[in-house]
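Engineer: First, the structure itself, so that you have it in front of you.
The values are calculated or read from the model by the stated rules, or taken from the named source; none is laboratory data. On a predicted model such as this, the values are computed, not experimentally measured, just so you know. No Cβ is skipped: glycine too gets one built from the backbone with ideal geometry, and neighbour counts run over all protein chains shown.
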């Protein structure tokens, strides 16, 4: 039995409850591919043929991405750039062949025939905007209905794993990661908590064999967004001095905890020598 | 001196190419590809592609659109070639011309040149004896 899908009618997207993400993106791609075929002059298509072509389109997209990523990684980069994409496109076009592919001398990627073909295509082909506006970005979870989450804006790569304000892979009962001062200070509910940190005093380390947990250099702001998890207030600063004292005979083999000082709201910390 | 002039010329040539490419990327922002940006980003992210530049995602979308358009063009040519080969009355031919349908056969022929082998079952039968004439069915 042959069924044909008429392009004159609007594409029918079956809605049978929450769609898994694969089917969702496949359906959207199918609409786009059908539009491209229609612009070429086709009046209809067999459903199996259309789905096969859509599958090819998705695999082509993923192939470009994979090749571009491989090219970037072999150059020691994590983000792909324009030459990576051109390399990927050339790889995929090498099956059909393009002028300049056989040149032995190293040629510039920017003058590649692949890009020139693309430029001509953009110049001479009319735009075909997508048939329907896309629904707001939905994130698919197993067993959950499609929720419409807040759109986080363009250029935000973390759209896939964010859930509002928190990250999806982090359990909710874990405390938030402290934000270093200087980043944007958002909502209310922030407290200042002093954190001890290692200072870069390596030369003294080598000299005295004393390890010193230094004064704070930075003030660390803690974002308390979740009201039920509240770490009790401001903690005091703890200083340690450990080690075998060679220069100082009074501290031989001693582990002393020098002074538990509680300071609230102080901003400057002097360096205190032994 | 000669080396310098040739070097200078090659530099100018490179500048032209770079300028043309930059212009092209800028013009991409005006051209809306058929495949929506979000969809392209989804597939790229699935394969590990990271790039904050929107122009590059547009470039990939346009490249895919061009590829599908090429395949569709080839399939269309196959379809038209088949129609012209069939000898019919004038009336039937005109009717057929209006009904250009993308079939599996045309598509598999067109895709073969691109290295994609699409094999399609001719038909599905629900039993081994379906379609056989009555004599062999009795056996």
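Engineer: Inside the stretch A:74-97, can you point out the residues that are within 12 Å of chain B (Cβ to nearest Cβ) and assigned to a loop (DSSP other than H, G, I, E, B)?
Structural biologist: First pass over the stretch A:74-97, keeping only residues within 12 Å of chain B (Cβ to nearest Cβ): A:77-86, A:88-97.
Of everything in the stretch A:74-97, those that are within 12 Å of chain B (Cβ to nearest Cβ) and assigned to a loop (DSSP other than H, G, I, E, B) turn out to be A:77, A:78, A:79, A:80, A:81, A:94, A:95, A:96, A:97.
Engineer: If you scan the stretch A:98-126, which residues turn out to be within 29 Å of residue A:41 (Cβ to Cβ) and in a helix (DSSP H, G or I)?
Structural biologist: A:113, A:114, A:115, A:116, A:117, A:118, A:119, A:120, A:121, A:122, A:123, A:124
Engineer: Also, quick follow-up: Give me the pairs, please: first residue somewhere in the stretch A:18-47 and closer than 10 Å to residue B:101 by Cα, second residue anywhere and modelled with pLDDT under 90 and in a helix (DSSP H, G or I), beta-carbon distance under 7 Å, and either six or more positions apart or on two chains.
Structural biologist: Short answer, once both residue conditions are applied: A:43/B:98.
Engineer: Determine which member of the set B:18, B:89 is at pLDDT below 85 and within 26 Å of residue A:73 (Cα to Cα). Give the steps one after another, and end with the answer.
Structural biologist: Details: B:89 fails: within 26 Å of residue A:73 (Cα to Cα).
Of B:18, B:89, the one residue that is at pLDDT below 85 and within 26 Å of residue A:73 (Cα to Cα) is B:18.
Engineer: Looking only at the stretch A:23-73, how many residues end up being at the interface with another protein chain (Cβ under 7 Å from one of its Cβ atoms) and part of a helix (DSSP H, G or I)?
Structural biologist: Selection size over the stretch A:23-73: 25.
Engineer: Considering the stretch B:11-36 alone, what residues qualify as being at the interface with another protein chain (Cβ under 7 Å from one of its Cβ atoms) and within 22 Å of residue A:56 (Cα to Cα)?
Structural biologist: Residues satisfying the conditions are B:32, B:34, B:35, B:36.
Engineer: Using the structure shown, decide if residue A:108 is more than 12 Å from residue B:66 (Cβ to Cβ), at pLDDT 90 or above and either facing another protein chain (nearest Cβ under 7 Å) or surrounded by 13 or more Cβ atoms within 10 Å (Cβ to Cβ) (or both).
Structural biologist: On the way: more than 12 Å from residue B:66 (Cβ to Cβ): yes; at pLDDT 90 or above: no; either facing another protein chain (nearest Cβ under 7 Å) or surrounded by 13 or more Cβ atoms within 10 Å (Cβ to Cβ) (or both): yes.
Against the criterion (more than 12 Å from residue B:66 (Cβ to Cβ), at pLDDT 90 or above and either facing another protein chain (nearest Cβ under 7 Å) or surrounded by 13 or more Cβ atoms within 10 Å (Cβ to Cβ) (or both)), residue A:108 does not qualify.
Engineer: Just to verify a result, which residue in the stretch B:37-77, among those that are under 18 Å from the mean Cα position of the chain (by Cα) and either at pLDDT below 90 or surrounded by fewer than 17 Cβ atoms within 10 Å (Cβ to Cβ) (or both), is nearest to the other protein chains (Cβ to nearest Cβ)?
Structural biologist: B:73
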